[in-house]
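The values are calculated or read from the model by the stated rules, or taken from the named source; none is laboratory data. Bear in mind that the values here come from a model prediction, so they are computed numbers and not experimental data. Positions of Cβ are backbone-derived with ideal geometry, glycine not excepted, and every protein chain shown enters the neighbour counts. We work out accessible area using only protein heavy atoms, side chains counted, and drop any ligands, DNA or RNA first. Shrake-Rupley method; radii C 1.70, N 1.55, O 1.52, S 1.80 Å.
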Amino acid sequence: MENFDIEYIKEISRTDVRKCMKCGKCSGRCPAFNDMDIKPHQFVTLLGQGKFDVLLKSKAIFSCLSCMACVERCPRGVAPANVIEAVRDTVERMQNGNAIKAEDIPPIVDDLIPQQLLVSAYRKYRK
Amino acid sequence: MKICYYPGCTLKNQAKRLDDCARLSAEALGVTMEEIPEWQCCGGVYPMAKDEIATKLSSVRALDYAKHHGGTLLTLCSACHNVIKRVNNDMATEKSIRDKVNNYMRLDERYEGETKVIHYLEMLKDIVGFDNIKKAVKNPVNKKIGAYYGCLLLRPSNVMAFDNPENPTILEDFISAIGGTPVKYPFRNECCGAYVSLTNKSLTEQKSKKILESAAAVGAELVLTACPLCYYNLKKNGGDNVVYFTELLAKALGVTE
Ligand code: SF4
Ligand code: SF4
């Protein structure tokens, strides 16, 4: 059994949050900003501060589009998207953390839905 | 010339037109796309976490096959391209991932990121050449066209190395080559809302509408994409004028109606 703690999130995130200079460019560029309770730059700060419980309660992990715009803009080589994904992975890997169930899928499928969408959402929202 | 080709699941189903038009056009331009045998779905999204190994194996299997069959792997779907190229980068640069994957796969020869991954647009630009496409065009498109890049081809640019991530030009050059007039608009490299459309429709709706309004404001008659998910999200949100770039290419070359 894995030990889910702040070090676990840091380890799987593959980014060094200590390099952040808190300029906010990542959040300024984020297309999902208005839908986020915790903003991209705050994810980076909170991880650095070790705020495990705060991170785990975030709803923004389900609004991030993985568009990589924040990563592209960061002048310090930090990857906020990686932090968000690491938090989401952690939530989903802990028991009962999955955000979608197989039963949820059939009612929302329409005639045009691309396979890519279902596969991607499943990868992002279930472990 | 023959190149190993990875179509991916969506191009076999919902986005068959993207694939069909690409193959016909490539053939007309002297390139045969050889579908690799027994490929598996790339997963649609690149898994960022350090310990994600199993989710990368399907990409590595395709990459390893291509390594022994010409050394280049051609992609067409933006998502497959993004996933396979980033996994390949991991195999070349991240020792812990490379070792775990190789320990698991037990290939005759270790895979270490040797294969070159190219997107269909890069094939058009670097192997065929836009000048040669111009010469092969039978029915110039003659329309104002807005290129929609989205995210997956461009970012993260240090790995994708596709084009300038803030001011790309390859799709505009493509449009010029097939006789269209490219029109640039501010939201051409913004996200359409991606897979979040499954769980948060209003977010995707806002994002997609913004892109379409931005293209309409500069007079785009058509909007071009290379991604089945962008295509879906834009269509769902009013983008009746969205087309796959290969549909226009095939028309221009006179290989489809
Ligand atoms: S990857 Fe997520 S956090 Fe980063 S800019 Fe895109 S939506 Fe925002
Ligand atoms: S852009 Fe980079 S340095 Fe600036 S706040 Fe975001 S993570 Fe920190």
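So which residues in region A:1-30 are of a type outside the set (A, V, I, L, M) and more than 15 Å from ligand 2 (Cβ to nearest atom)?
A:Glu2, A:Asn3, A:Phe4, A:Asp5, A:Glu7, A:Tyr8, A:Glu11
Of the set (1) assigned to a loop (DSSP other than H, G, I, E, B); (2) open to solvent by 40 Å² or more (accessible area, probe 1.4 Å); (3) among the polar types (S, T, N, Q), all apply to A:Thr15 but (2). Of the residues making up region A:21-44, none is in contact (Cβ under 8 Å) with a residue 60 or more places away in the chain, assigned to a helix (DSSP H, G or I) and within 12 Å of another protein chain (Cβ to nearest Cβ).
For region A:57-77, does any single residue satisfy the condition of being farther than 25 Å from B:Cys151 by Cα and either among the polar types (S, T, N, Q) or not assigned by TED's automatic domain parsing to the domain that holds A:Tyr125 (or both)? Yes, there is a match, as at least one residue in region A:57-77 is farther than 25 Å from B:Cys151 by Cα and either among the polar types (S, T, N, Q) or not assigned by TED's automatic domain parsing to the domain that holds A:Tyr125 (or both). Taking the criterion of being polar (S, T, N, Q), within 16 Å of ligand 1 (Cβ to nearest atom) and open to solvent by 50 Å² or more (accessible area, probe 1.4 Å), the only residue of region B:155-182 that qualifies is B:Asn158.
Considered as a group, the residues in region B:26-72 that are open to solvent by 30 Å² or more (accessible area, probe 1.4 Å) and at the interface with another protein chain (Cβ under 8 Å from one of its Cβ atoms) include one that is nearest to the chain's Cα centre (by Cα), and that residue is B:Cys41. Take the conditions over 17 Å from B:Gly193 (Cβ atoms) and more than 16 Å from ligand 2 (Cβ to nearest atom) and apply them to A:Ile100. Does it pass? It is false that A:Ile100 is over 17 Å from B:Gly193 (Cβ atoms) and more than 16 Å from ligand 2 (Cβ to nearest atom). Residue count for region B:7-22 satisfying the condition of being crowded, with 21+ Cβ neighbours inside 10 Å and away from every other protein chain (no Cβ under 12 Å): 3.
For every residue, the table says whether it meets (1) open to solvent by less than 80 Å² (accessible area, probe 1.4 Å); (2) in contact (Cβ under 8 Å) with a residue 24 or more places away in the chain.
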site: B:Ala79; (1), (2): yes, yes
site: B:Thr93; (1), (2): no, no
site: B:Tyr104; (1), (2): no, yes
site: B:Asp108; (1), (2): no, no
site: B:Glu114; (1), (2): no, yes
site: B:Gly129; (1), (2): yes, no
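If you check A:Leu55, A:Leu47, A:Leu65 for being within 13 Å of ligand 1 (Cβ to nearest atom) and surrounded by 20 or more Cβ atoms within 10 Å (Cβ to Cβ), only one passes: A:Leu65.
Identify, from the list A:Asp110, A:Asp37, the residue that is over 13 Å from the mean Cα position of the chain (by Cα), among the charged types (D, E, K, R) and more than 16 Å from ligand 2 (Cβ to nearest atom).
Only one candidate passes the filter, namely A:Asp110.
Just one of the numbered conditions (1) under 23 Å from B:Leu153 (Cα atoms); (2) open to solvent by less than 10 Å² (accessible area, probe 1.4 Å); (3) away from chain B (no Cβ under 11 Å) is not true of A:Val83; which one? Single failed check for A:Val83: (3). Flag: A:Pro75 does not match the condition of being in a loop (DSSP other than H, G, I, E, B) and open to solvent by less than 40 Å² (accessible area, probe 1.4 Å). In region A:25-44, of all residues being open to solvent by 50 Å² or more (accessible area, probe 1.4 Å) and closer than 25 Å to B:Met160 by Cβ, the one that is nearest to ligand 1 (Cβ to nearest atom) corresponds to A:Phe33. Picking from residues in region B:183-199 that are open to solvent by 30 Å² or more (accessible area, probe 1.4 Å) and farther than 17 Å from A:Ile108 by Cβ, the one that is nearest to the other protein chains (Cβ to nearest Cβ) is B:Glu190.
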